[in-house]
Amino acid sequence: MDFEDDAFVLSARAHGEAGAIVDLLTETHGRFVAHIAGGASRRIKPFLQSGARVVAQYRSRVSEQLGSATVEPVGEGPSALFDDPLALAGLASAAAVAAGALPEREPHPGAFYAFEALSGALVHPDIWPAVYVRFEAGLLQELGFGLDLSRCGATGTTDDLIYVSPRTGRAVSRGAGAPYADRLLPLPRFLLSAQGGLDAGDVAAGMAITGHFLETFVFAVMNRPLPPPRLWLLDRLSDAGRL
């Protein structure tokens, strides 16, 4: 199997004296793990930071075995965020969640585009935490666990949607959800519309929703917890007063 594709680096680890094993999220081929000769060298290692965008050339003699890759950097990548540790934490969390949730060698272009949108938003400190929540919602959609926020799951109304059912992922209206409010997840306005506005506590509510469904329907199935960088991001957003 040979291909060239746009990709984001999700992770990289040293392999042998000079190589690296790199986890890539490609645009059209999905998530691929590959060996990069010289990946630990001073020349290539800076291109292999989590969240870096590259053009990857992948080669494998046998499709089921680990292939090799070469990469060429695109843009500044994470280096543009070196003065913003919080944004770097967001990028690290997104990379870890994508690497843990997405199956290998299965095309998920929506996941690539969601990661691309988040990567571009990280230079805007006022909005990227909300975009991060949308990234996780997009990842759930790609995996078949998308939220249905178009109408109330109990009554069909499209008005006054303020909850999400933790069982079905469907929106619930104020009236229908009132008797069960303590068992429902608060639904922030920005998840209903790009023009919904961002209020205090909305990012925390959004991350509670996506975190619940990622943990319950994706990671628990694999007997794994949510990735540590995702938990660290929540702590850092809280410390910064950004939730």
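Just so you know, all these numbers are worked out from the coordinates, no wet-lab data involved. This is a predicted model, so every value here is computed, not measured. Counting neighbours? That spans all protein chains shown, and the Cβs are built from the backbone with ideal geometry, glycine included.
Ranking of Ile209, Ile21 by neighbouring Cβ atoms within 10 Å, starting from the fewest: Ile21, Ile209.
Region 25-94 and region 1-16 have Cα centres separated by 5 Å.
Distance between the modelled labels on Glu116 and Ser41, one decimal in nanometres: 3.0 nm (7 Å Cα→Cβ projection). Taking every C-alpha pair closer than 8 Å and separated by at least 6 residues, the mean separation divided by the residue count of region 79-239 gives a relative contact order of 23 percent.
Angle of helix 202-214 to the longest C-alpha principal axis of the chain, folded into 0 to 90 degrees and rounded to 10: 70°. When the chain is treated as a GNM with alpha-carbon contacts under 10 Å, the residue of Ser165, Ser60, Ser11 showing the greatest mean-square fluctuation is Ser60.
Computed from the C-beta positions of Ser63 and Leu198, the FRET efficiency with R₀ = 45 Å rounds to 0.50.
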